[in-house]
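The values are calculated or read from the model by the stated rules, or taken from the named source; none is laboratory data. Just so we're clear, the structure is a prediction, and the values are computed from it rather than from any experiment. All Cβ positions, even for glycine, are placed from backbone atoms using ideal geometry, and neighbour counts span all protein chains on display.
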Amino acid sequence: MEQYLAIDIGGTSIKYGLVYADGTLQASNHVPTPATWDIFLERLDDIFTTVNATVVLDGLAVSAPGAVDSSTGIIHGVSAVPYIHHRPFLDALRERYALPVTVLNDANAAALAEGWTGAGAALERFATVVIGTGVGGSFVNKDEVMIGSHFHGGEFGYWILDPSLPQPDGAWSAIGSTSALVTRCRERLGRPLSGHDIFALQTESAIQEELERFYRWNAIGLYNIQFSFDPERILIGGGISRRPEVRDGIKRHLDALCDALGTLRIDVETCAHFNEANLIGAARFHMLNVKKGSAHL
């Protein structure tokens, strides 16, 4: 069975693992994300040498932050890993490793994973919304992710949810992200809090109020996605989505919006792949594009 080295570049760590052609992820691990491009390449060399010593690899699949042009291999925009941007990213990796190499935006990779072996596997059209430090996502139509003319397809975090606030304070990432929720709760209680603390204290009135605001903002965002792309289902991802009360709270507010304004019930569920999604989706993108014979493989 074919096997691929999948690498997910994050601001804190570089995750990597071996993904088989059936979508199984094995032997995943991570190393700290380095501060410079040269050390980054050294870390990739270490990862490649370690994995390649035990298996025969059929390709290298990369998930990366930013506005990724998968056809040219240039990563536009900005992210927490600035040195990967605006350079011939794919060319550099192809020169180092005698393998086909692909790169895809991390949120799009997560969506492909859900459509392959996750909560979107039985669907033709679905959207994902990843709620974390910011808000991102993707729209998938028959295994194709919406990239967009400027590589910003699925960047839902830029959507303006509250135009009454000075921008960018009214953007989805600024008011509906997990980090925004944590900040508001800290301010309300006047002490340091983690996301875990918030749910441990969710019976307190101030925390309840902030959670309801959080659920409502995200319900408004999902409502807009439904009537923009009309997916069969919207999948919520990010670490906070592991808590069933988050999905239930957002659905409660979403149902209220649909009762007042909409013409249908919106299907919302949580993603099946959490931390593994980017690795699995990067490999899926690699396999789909190798079959198409992309010039940059």
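Here is how the numbers come out for the structure above:
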| read-out | value |
| --- | --- |
| Among the candidates I198, I225, residue that is among the β-branched types (V, I, T) and under 19 Å from I160 (Cα atoms) | I225 |
| Selected residue (only one of F139, F214 is in contact with a Leu (Cβ under 9 Å, 6 or more places away or on another chain) and touching a residue at least 12 places away in the same chain (Cβ under 8 Å)) | F214 |
| Which listed residue, of V51, V56, is of a type in the set (A, V, I, L, M), more than 24 Å from S138 (Cβ to Cβ), assigned to a loop (DSSP other than H, G, I, E, B) and touching a residue at least 40 places away in the same chain (Cβ under 8 Å) | V56 |
| Selection from the range 27-36 of residues that are of a type outside the set (A, V, I, L, M) and either over 13 Å from G11 (Cα atoms) or in contact with an Asp or Glu (Cβ under 7 Å, 6 or more places away or on another chain) (or both) | S28, N29 |
| The range 147-174, residues that are aliphatic (A, V, I, L, M) and touching a residue at least 40 places away in the same chain (Cβ under 8 Å) | I147, L161 |
| Meets criteria (free of Cβ contacts under 8 Å to residues at least 24 places away in the same chain and either within 20 Å of the chain's Cα centre (by Cα) or not assigned by TED's automatic domain parsing to the domain that holds S138 (or both)) for R247 | yes |
| The range 124-141, residues that are modelled with pLDDT of 90 or more and out of contact with any strand residue (DSSP E or B) (no Cβ under 6 Å at 6 or more places or on another chain) | E124, I131, V135 |
| Test: residue in the range 227-244 that is outside any loop (DSSP other than H, G, I, E, B), buried (at least 19 other Cβ atoms within 10 Å of the Cβ), modelled with pLDDT of 95 or more and more than 17 Å from the chain's Cα centre (by Cα) | no |
| Any hit, the range 43-55, residues being surrounded by 13 or more Cβ atoms within 10 Å (Cβ to Cβ) and within 27 Å of G154 (Cα to Cα) | no |
| Qualifying residues in the range 1-17 (those that are assigned to a loop (DSSP other than H, G, I, E, B) and either within 11 Å of S63 (Cβ to Cβ) or among the small types (G, A, S) (or both)) - the one nearest to the chain's Cα centre (by Cα) | G10 |
| Complete set of residues in the range 147-178 that are part of a helix (DSSP H, G or I) and surrounded by fewer than 17 Cβ atoms within 10 Å (Cβ to Cβ) | Y158 |
| Residue among A61, A27 that is assigned to a strand (DSSP E or B), under 19 Å from Y97 (Cβ atoms) and touching a His at 6+ places or on another chain (Cβ under 8 Å) | A61 |
| Options H253, H196; residue that is at pLDDT 95 or above and either over 30 Å from A113 (Cα atoms) or not aliphatic (A, V, I, L, M) (or both) | H253 |
| Any hit, the range 126-146, residues being of a type in the set (D, E) and outside any loop (DSSP other than H, G, I, E, B) | yes |
| Matching entry among L104, L93, L112 (being in contact with a helix residue (DSSP H, G or I) (Cβ under 9 Å, 6 or more places away or on another chain) and either without any contact (Cβ under 8 Å) to a residue 40 or more places away in the chain or surrounded by fewer than 21 Cβ atoms within 10 Å (Cβ to Cβ) (or both)) | L93 |
| Failed condition for D91, given (1) outside the structural domain of I220 (by TED's automatic domain parsing); (2) more than 14 Å from V62 (Cα to Cα); (3) acidic (D, E) | (2) |
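Listed here are the residues, each with its yes/no results for (1) at pLDDT below 95; (2) outside any helix (DSSP H, G or I).
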{"residue": "I75", "(1), (2)": "no, yes"}
{"residue": "H86", "(1), (2)": "no, yes"}
{"residue": "L99", "(1), (2)": "yes, yes"}
{"residue": "T102", "(1), (2)": "no, yes"}
{"residue": "A110", "(1), (2)": "yes, no"}
{"residue": "E114", "(1), (2)": "no, no"}
